[in-house]
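Single-structure report; data block below.
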Amino acid sequence: MNSINTRISAGLHHFFFTPSSGRPLAFLRIGAALLALLQIVLLNSSLLMLYGRHGLVQWLLSEGIISDYALRLGWIAGWLARWNISPDQAVMIVAGIYTVALIALIFGLFTRGAALLSWLIHFMLTSSGFMSSYGVETFTHIALFYCVVMPVGHHFSLDARRHGRPLFSEWYTLSVRVLQLHLCIVYMATGLEKAAGTQWWTGEAIWRALMQMQFGQFDMSWLAHYTWLARLICWGTMLLEISYPLFMFHPRLRRFGYPAIIMLHLGIGLFMGLGLFAAMMITLNTAAFWPFKERETAIAKSHLAGIH
Amino acid sequence: MKRKQWCWLAIALLHLLVAALSAAHLQVIFPRRTLLAQAWQGYGAYTGASNIFSFFAPEIGDEIAVIYTVVDRNGKQMAVRLENNANHERNTRLINIYGFFSVDEARELMAQSCASYMFSQIPQAVLIRVVVVYRAIPPMQDYRNGQRPRWYSSFSRAYRRNTDS
């Protein structure tokens, strides 16, 4: 019994705590913050329409639906009102602070504080404007939360220049493992959700998606004459998503799995116009599974040395 | 493993458990309004662990759009669509908002809110009609047989500017 416990403990230690490079986490920080910044720049002229008190969905409606504990712009606006700052001005101030925090996060300046501020403001914006949110907000929120709790500022950051950080650490490995496992949950869940519908088995799903004016970047009506191709794309997507853990954790399969996932997201970006979403998913996958040389080397060395 | 490692591993696995159960629609295992359920929901909302990942699944419905017919004091009419902007990110979010018109309980409130916004943007408007339309895409086989996507109206409400205010 003791031997089994020791072996389980050693296995867990090897998987979660073998020291590795923190560069993937730096990639996560810079990539996620850059994309969040790009998003706020792209929406700059529409902020009040999407998030304003008297926007398309008024706070009275949107904030009346969200949970009591969710952060909301109405709280900040109410607090700022004592200085005669209007709700619209409050939204712009919050957006301005968010922008500054994201820039600090990109450069790794006061990384933890910048990540905390970015994460809270992003949550606030997506709570008050939850009706306008789509996948990119979901993953930006997850990425920013991980930037708060993970050691993402230890490489390629101004903080690291000032304080000096270890090149390898067991905490980097644990963080990357959490990200990897979270992505496994995401892809398996989305693949299984697709498999529950008939459109993904008949190929109609990709046809309907590409024929929608909101997504369609090209005339894809020719696809109706190649049903087998539509079916192949749908089946391939489901296979890749449901088998994601297998494709990404098996070293040999990852050589095909990682490029296939990147191609899937590039396809979504190119053919459906969801560029930011695609870029965010590519960032998360790359941070989690790109074979950063140092990580592999460190894991291999510790394995050879029998470190547990 | 050291105690510190065990602690952090347990926290990490608990976080992933919340993410996995939420993704599997298993939040309902806790009775609503209990402290545990609220803690679960709160934690999930703040950390992003409570998400359900049903992108384009299980089915893809008809495309939605909203047309605002604006009438000014002289009776001149114009049709406005907000989601026809060059900014794709903005359009995607607008269409997400419009998606809530498919929720019966939200429809009237959504129409009022959208009309109110349009009145604030177009000062000369005295009447705004909010028309929710869907674009039905035929199955591939029907498309091959000559059927084409068609728009159909689903909901419409007209609002007059309140001149008292």
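See the values below:
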{"item": "Fraction of the pair-distance distribution of the range A:129-256 above 24 Å, Cα-Cα pairs, percent", "result": "51"}
{"item": "Number of partner chain Cβ atoms within 10 Å, mean per residue of B:136-144", "result": "6"}
{"item": "Mean residue ellipticity (222 nm) of chain A, computed from DSSP H runs ≥ 4 via -39,500 (n - 2.57), nearest 500", "result": "-23500 deg cm²/dmol"}
{"item": "For A:131-142, mean number of other protein chain Cβ atoms within 10 Å", "result": "5"}
{"item": "Net charge, residue B:55 excluded, C-beta distance under 14 Å - Lys, Arg +1, Asp, Glu -1", "result": "-2"}
{"item": "Cα-only Debye scattering, the range B:63-160: base-10 log of I(q)/I(0) at q = 0.15, 0.19, 0.25 Å⁻¹", "result": "-0.66, -0.95, -1.31"}
{"item": "Value of Rg to Rh for the protein assembly as shown (Rh from inverse mean 1/r over Cα pairs, i.e. Kirkwood)", "result": "1.00"}
{"item": "Fewest-first ranking of B:7, A:147, A:184, using other Cβ atoms within 10 Å as the exposure measure", "result": "B:7, A:184, A:147"}
{"item": "Most fluctuating residue given options A:142, A:85, A:121, as computed from a GNM of chain A linking Cα atoms under 10 Å", "result": "A:85"}
{"item": "Residue mean of other protein chain beta carbons inside 10 Å, B:42-48", "result": "6"}
{"item": "In sequence order, calculated HN-Hα J values of the range A:64-70 (Karplus, 6.51, -1.76, 1.60; Hz; x Gly/Pro)", "result": "x, 8, 5, 4, 4, 8, 6"}
{"item": "Separation of alpha-carbon centers, the range A:26-74 and the range B:102-116, rounded to whole Å", "result": "20"}
{"item": "Choice from B:71, B:18, B:80 showing the highest fluctuation, given a GNM over chain B with Cα pairs closer than 10 Å", "result": "B:18"}
{"item": "Cβ-based exposure ranking for A:159, A:219, in which fewest neighbours within 10 Å come first", "result": "A:219, A:159"}
{"item": "Gain in span if fully extended, residue A:42 to residue A:162, counting 0.36 nm per residue against the direct Cα distance", "result": "39.9 nm"}
{"item": "Helical mean residue ellipticity (222 nm; -39500 (n - 2.57) per DSSP H run of 4+; nearest 500) of chain B", "result": "-13000 deg cm²/dmol"}
{"item": "Under 5 Å, built H, 5+ apart or other chain: amide partners of residue B:127", "result": "B:71, B:161"}
{"item": "Compactness of the range B:3-47, expressed as Rg and Dmax over alpha-carbon positions, Å", "result": "11.7, 35"}
{"item": "Least to most buried among B:76, A:194 (fewest other Cβ within 10 Å first)", "result": "B:76, A:194"}
{"item": "Average Cα contact separation per residue, chain B, under 8 Å, 6 or more apart, as relative contact order %", "result": "18"}
{"item": "Distance between modelled label sites at residue B:11 and residue A:79, nm, 7 Å Cα→Cβ extension", "result": "2.4"}
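No lab work stands behind these numbers, since they all come straight from the coordinates. In this text the structure is predicted, and so the values were computed from the model without any measurement. Quick reminder, even Gly has a Cβ in these numbers, built from the backbone with ideal geometry, and neighbours come from all protein chains shown.
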